[in-house]
1. Do me a favour and compute the ellipsoid semi-axes for the stretch 35-130 from its Cα gyration tensor, root of five times each eigenvalue, largest one first, whole Å.
2. Along the charge dipole of the stretch 50-174, Cβ charges K/R +1 and D/E -1, which of H122, W159, Y97 sits furthest on the positive end?
3. Give me the one-decimal nm value for the distance between modelled label points at L30 and R156, 7 Å along each residue's Cα-to-Cβ direction.
4. When only DSSP loop residues count, what chymotrypsin sites (Phe, Trp or Tyr not before Pro) in the stretch 60-152 have their Cβ near at most 12 other Cβ atoms within 10 Å?
5. Taking K and R as +1 and D and E as -1, what net charge do the other residues with C-beta under 13 Å from the C-beta of Q105 add up to?
Amino acid sequence: TGVSPQRCGCKKPSLIDLNTEMSTRAKQNLLTEISWAAGFFDGEAYIGITRDFGNKYQKYYYKVCIRVGQVSRLPLDKLQSMFGGKICRCKNAHQGYWEWRVSGQDVYAVLRLVLPYLVLKHRQAELVLQFGVTTPSKNHWGHVVSVTEEVTNHRRSIWAAVCELNGGRALRAE
């Protein structure tokens, strides 16, 4: 003689409860993946802003990026499946390595996801996101609109702060 769920105080889960549970599990898995990526970034990634001088208009051009180099490609494939980006083979004096890269607007999307979980690279991520707010807009022809000198100076100060946090090599070369 079986005991009905009502008599033992048990509640038989309905289809709606199961869907909610599945949704909760999916969310937990996603948060686990994002927190893994943040920990990986803390240990292995370069989160920063590169700067090049353009001779045509005699001004600096900035590019936000996240780069991760590894001898094993496996964790980079996982990052690419999560966030997109590109993986390329790089050469060095040793055995070479793989590098996952993401740049431009995609950087901001990645950083917004991992920011709450970053520890060591939290400040770099905050500054890169702040830099994104200063990105010039484009006019209806698709040309970048000039920014004021104040914005240009602010962008340079953010770039300098990120460089300093990343070891300051670019600042010493300036």
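What follows is calculated from the coordinates using simple rules that are stated; it is not laboratory data. Predicted model, so just to flag it, every value in this text is computed and none were measured. Ideal geometry is used to build each Cβ from the backbone, glycine not excepted, and the neighbour counts take in all protein chains shown.
1. Numbers: eigenvalues 101, 74, 26 Å².
So the three semi-axes of the stretch 35-130 are 22, 19, 11 Å.
2. Of the listed residues, the answer is Y97.
3. Modelled inter-label distance: 4.2 nm.
4. W141
5. Summing Lys/Arg as +1 and Asp/Glu as -1 gives +2.
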